[in-house]
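The values are calculated or read from the model by the stated rules, or taken from the named source; none is laboratory data. Everything numeric in this text was worked out from a predicted model, so none of it was measured. Note that each Cβ is placed from the backbone with ideal geometry, even for glycine, and that neighbours are counted across all protein chains shown.
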Ligand code: CMC
């Protein structure tokens, strides 16, 4: 078996070329189609980033207006999908989103058209409909009726509106907008890879995005933000962080929101969420969440930097959502809503130059056993 090189977890394996995003894990650099994530987070909007990703360039004003109008016009979901969400009202919101996207496939007239044009149209529809699914399920599980989309609000503002029924202030809308920007695309991360595997069989975009949602759910991927907030609540006060972390690490546990398969320096997305977590905590009179997280980062986890373990995008995100009054189990669906354009782009690239994704496993089990009829088995 010496000639077989096993690349467990496909670590450091390039599976293809891509023009979607550039990630330099050694210096903590992230570009979406050439544009630095810091510029996009500070100066752009999620709608602009969707255009950048799906149409390969920043939009002119008229192009942005057209894309924005398309999103606003496609936010409604069929009553039948709302009925499905009622049936699964007690499930985790991420399961409800996965189920909702799957149900939406039944009503999409282009579901089986994998052309680039139709895939962009479906990606835009799913981007527009995703927040409606998450918000409707959230309201139903709390005994409320869904609130329909508000065409006066942008993508981020409308999502928050459909969750609570109240129009959020500009600052809160911008927080959610930046969060969606930061989560929009990240090369061949596990969920995008999963979506590409599905696309590589020439299955459809809805199926690929259902795959992406399922992969993203795990705590080693998108589930980390939820776990970080639970951890912060368990810690309670900054001075408890040291003991909490020591116990967890000594028993072989991991501190969620730290470490990344590619980044061996600070995840560049974390910077924007750190600043906003601090500002929002102070504004809301709840600075202790940020203090707990910062203590963990600056005191407890410093020795781990020599192993390339720094904060990732999920570490400060949860504290922001919490301060916005969003419950922990909505954190992963929010990540998913931001990632739909990225998953769509990854699938378009896969369809454009398709090859079936089918790696090998080195079999180490028994060989050539004799089949014994059931009556004769001891
Ligand atoms: N806390 C403590 N130790 C860690 C952590 C952590 N968060 N992450 C990695 N390590 C250790 C790990 O125990 C191992 O130690 P040793 O070499 O002594 O066995 C070493 O670092 C390498 O770990 P690995 O699992 O081989 O490394 P990886 O590159 O496969 O891990 C990861 C990536 C994200 C699975 C891991 O860092 C992790 O579990 N982090 C916590 C979960 C998390 O925050 N996930 C969100 C990722 S970013 C958002 C996203 O894109 O989903």
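Within segment 104-130, the set of residues being free of Cβ contacts under 8 Å to residues at least 60 places away in the same chain and crowded, with 21+ Cβ neighbours inside 10 Å comprises 125, 128, 129.
Name the residue that is farthest from the ligand (Cβ to nearest atom), counting only residues in segment 200-223 that are assigned to a loop (DSSP other than H, G, I, E, B) and touching a residue at least 60 places away in the same chain (Cβ under 8 Å). Of everything passing the filter in segment 200-223, 202 is farthest from the ligand (Cβ to nearest atom).
Which members of segment 266-292 meet the condition of being farther than 17 Å from residue 41 by Cα and either assigned to a loop (DSSP other than H, G, I, E, B) or within 12 Å of the ligand (Cβ to nearest atom) (or both)? Within segment 266-292, 284, 285, 286, 287 qualify. Within the set 10, 67, 30, 53, the sole residue that is under 26 Å from residue 353 (Cβ atoms), outside the structural domain of residue 189 (by TED's automatic domain parsing) and either in contact (Cβ under 8 Å) with a residue 24 or more places away in the chain or out of contact with any helix residue (DSSP H, G or I) (no Cβ under 9 Å at 6 or more places or on another chain) (or both) turns out to be 10. The listed residues are 133, 197, and the only one of them that is touching a helix residue (DSSP H, G or I) at 6+ places or on another chain (Cβ under 6 Å), away from the ligand (no atom under 16 Å from the Cβ) and touching a residue at least 40 places away in the same chain (Cβ under 8 Å) turns out to be 133.
Please determine whether any residue of segment 252-265 is assigned to a helix (DSSP H, G or I) and either within 14 Å of the ligand (Cβ to nearest atom) or in contact with a helix residue (DSSP H, G or I) (Cβ under 8 Å, 6 or more places away or on another chain) (or both). Within segment 252-265, none of the residues are assigned to a helix (DSSP H, G or I) and either within 14 Å of the ligand (Cβ to nearest atom) or in contact with a helix residue (DSSP H, G or I) (Cβ under 8 Å, 6 or more places away or on another chain) (or both).
Step by step: first the residues of segment 231-242, then only those that are part of a helix (DSSP H, G or I) and away from the ligand (no atom under 16 Å from the Cβ), then the one that is nearest to the chain's Cα centre (by Cα). Which residue is that? So the residue we want is 233. The residue that is nearest to the ligand (Cβ to nearest atom), counting only those in segment 293-313 that are in a helix (DSSP H, G or I) and in contact with a strand residue (DSSP E or B) (Cβ under 9 Å, 6 or more places away or on another chain), is 304. Of the residues that make up segment 4-13, is at least one more than 16 Å from the ligand (Cβ to nearest atom) and exposed (fewer than 13 other Cβ atoms within 10 Å of the Cβ)? Yes, segment 4-13 contains at least one residue that is more than 16 Å from the ligand (Cβ to nearest atom) and exposed (fewer than 13 other Cβ atoms within 10 Å of the Cβ).
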